[in-house]
Amino acid sequence: MESENLYKLTEKQLNDAKEISNISDDVAKLLSQPKNEIIVNFSVKLDNGELEMFKGYRVQHCNLLGPYKGGLRFHPEVYLDECKALAMWMTIKCALQELPLGGGKGGVKMNPKKYSKDELETITRKFTKALYLYLGEDKDIPAPDMGTNSQTMDWMMDTYNMFNNRHTKGVFTGKSIECGGSHGREEATGRGITICIKKWAEDNNIDLQGKTFMLQGYGNVGCFTALRLVQMGMVMIGVGDYTGYLHSTEGFNVFKLKDYVMTNGSVKDYNGGSKITRDEFFGTECDIFIPAALELQICEKEATMLKCQVVVEAANGPTNIEGEKILQERNIAILPDILCNSGGVVVSYYEWLQNKRHEYWTLPSVREKLETQMVNTYNKVAQLSRKKNISYRMACYKIALERINAVYLKRGCKKW
């Protein structure tokens, strides 16, 4: 898994989708590589007085529909081709959801848990200083991702405004409410995932009450997904992350687990359930399996072991090429990442709109708008999947690519 290059997965998906989509060769070529690949190296003086060098990335994939949009992650395994893949998926997500935005992604190659709060602030501000000329509320709008949060975005917004000698909030989303963030942004990705699960269950005449799910990853996305699913009557019988895996036939108290993970940073040593191996985790029978951690987790081995009705991709790119082929052969449905976890960018778009309009929307208003948006998009994908007898993933790509193609032709981009 570790040796796999994530960008090869996006290339395969794009090539497969191109064959079933009504798009020009020009658009296919345009999307095959990002417009800009920005790499920065910057120094930070740590608390102990030592100077450390950091490498940061920002990939701007396609701004045909609007400004680049996408997260910034702080993680030790950030690399250029990962950012390229994630940026392309953001282009597809935005087009699928009919947002006037394009795809971007980036991050800093580091482990944020190794640094103090003061050091993280300095790292964040130095990274922003290195990138600020490439950013702007109508140019490129970053958001939080793995290892970053609303505090990170607050620091970035403040630094950006200092260097530009202006006050604008819309250049970053995922900010705190105090600094212009949107109600409902923190829960948005998880909430969007559960809306898709609910719709899938309705389409297949499945009552979710009492049904079981396994969840890999209990960060922001996994946590809010679990909370909402339990409120819908489901039972989480398995949970795990990079520190280990747990199983409980009676189900976990997702609220207590949330408090524990917020305090301790992972599920390690949680006093609940029984410890199991990673293989046992993937081989445990359940109704719904939800990968919400890193990419490339369901490969050939894991796909063969899974015992579920549907895989719901809460993470980006959790299923590799061979894994997807095996799941399809075994008639295990896949709700793809570009649909399921796009609730995050939808509400980021709402935050951007609120900032540009100098408005503040209520939590019920944001939730209602998100529900309507996710249901409408899900229905389009499901209907196209049935009509063309193609997977949900290919239906998502077909819708997104044909929208991009239509804009390309209308704008006369051949003259670019």
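Things worth noting here:
- Rounded if a/c under 1.5, otherwise prolate or oblate - the stretch 1-70, Cα gyration tensor axes: prolate
- Selection from Tyr79, Leu65, Ala28 lying farthest towards where the dipole of the stretch 1-112 points positive, charges on Cβ: Leu65
- From phi via Karplus (6.51, -1.76, 1.60), per-residue ³J(HN,Hα) for the stretch 357-368 in Hz, x at Gly/Pro: 8, 6, 10, 10, 9, 6, 4, x, 5, 5, 4, 5
- Of Lys35/Lys356; Lys129/Lys175; Lys35/Lys93; Lys105/Lys198; Lys55/Lys105, pairs whose Cα-Cα distance is over 22 Å: Lys35/Lys356; Lys105/Lys198
- Other-chain or far-sequence residues with amide H under 5 Å of Ala293's (modelled H): Ala315
- In a simple Cβ point-charge model (Lys, Arg +1; Asp, Glu -1; nothing else charged), the chain has a dipole of about 1300 debye relative to its Cα centre.
- Which of Ser348, Ser266, Ser182 has the fewest Cβ neighbours within 10 Å, and the rest in rising order: Ser266, Ser182, Ser348
- Listed values for the stretch 382-389 are Karplus-derived 3J(HN,Hα) couplings in whole Hz (6.51 cos²θ - 1.76 cosθ + 1.60, θ = phi - 60°), namely 4, 5, 5, 4, 5, 5, 9, 6, and x replaces Gly and Pro.
- Between the listed residues Asn271, Leu327, Gly244, the Cα displaced farthest toward the positive end of the dipole of the chain, a dipole computed from Cβ unit charges relative to the Cα centre, is found at Leu327.
- This model, with +1 at the C-beta of Lys and Arg and -1 at the C-beta of Asp and Glu, gives the stretch 187-335 a dipole about its Cα centre of some 320 debye.
- The stretch 217-298 shape via C-alpha gyration tensor axes, a/c threshold 1.5: rounded
- Working note: Karplus 6.51/-1.76/1.60 with θ = phi - 60° gives the stretch 231-244 the couplings 5, 8, x, 8, 10, 8, 9, x, 8, x, 8, 5, 8, x Hz, where Gly and Pro are set to x.
- Under the criterion of Cα pairs below 8 Å and six or more residues apart, the relative contact order for the chain equals 17 percent.
- Relative exposure of Leu46, Leu215, Leu135, judged by other C-beta atoms within 10 Å (fewest first): Leu46, Leu135, Leu215
- Amide H within-cut-off set for Ile38, under 5 Å, with H built and near neighbours excluded: Arg58, Val59, Gln60
- Computed [θ] at 222 nm, deg cm²/dmol, the chain (DSSP H ≥ 4; -39,500 (n - 2.57); rounded to nearest 500): -15000 deg cm²/dmol
- Neighbour-count ranking [beta-carbon atoms within 10 angstrom, fewest first] of Tyr7, Tyr397: Tyr7, Tyr397
- Zone of Thr304's modelled label, taken as backbone nitrogen in the stretch 4-32 under 19 Å from a point 7 Å along Cα→Cβ: 4
- About its Cα centre, the dipole of the stretch 21-181 is roughly 100 debye, where the only charges are +1 on Lys and Arg Cβ and -1 on Asp and Glu Cβ.
- Listed cross-link partners Lys388/Lys410; Lys380/Lys410; Lys256/Lys301 are compared with a 30 Å cut-off, the Cα-Cα value being larger for Lys256/Lys301.
- Size of the chain from its Cα atoms: along the principal axes, largest to smallest, the extents are 56, 55, 44 Å.
- Taking amide H as placed 1.01 Å from N in the peptide plane, the amide H of Arg73 sits under 5 Å from that of Gly106, Gly107, Val108, each at least 5 places away or on another chain.
Bear in mind these aren't lab numbers, they're just calculated from the coordinates by the rules spelled out. For clarity, every value in this text was computed on a predicted model and none was experimentally measured. Glycine also receives a Cβ, built like all others from the backbone with ideal geometry; neighbour counts cover every protein chain displayed.
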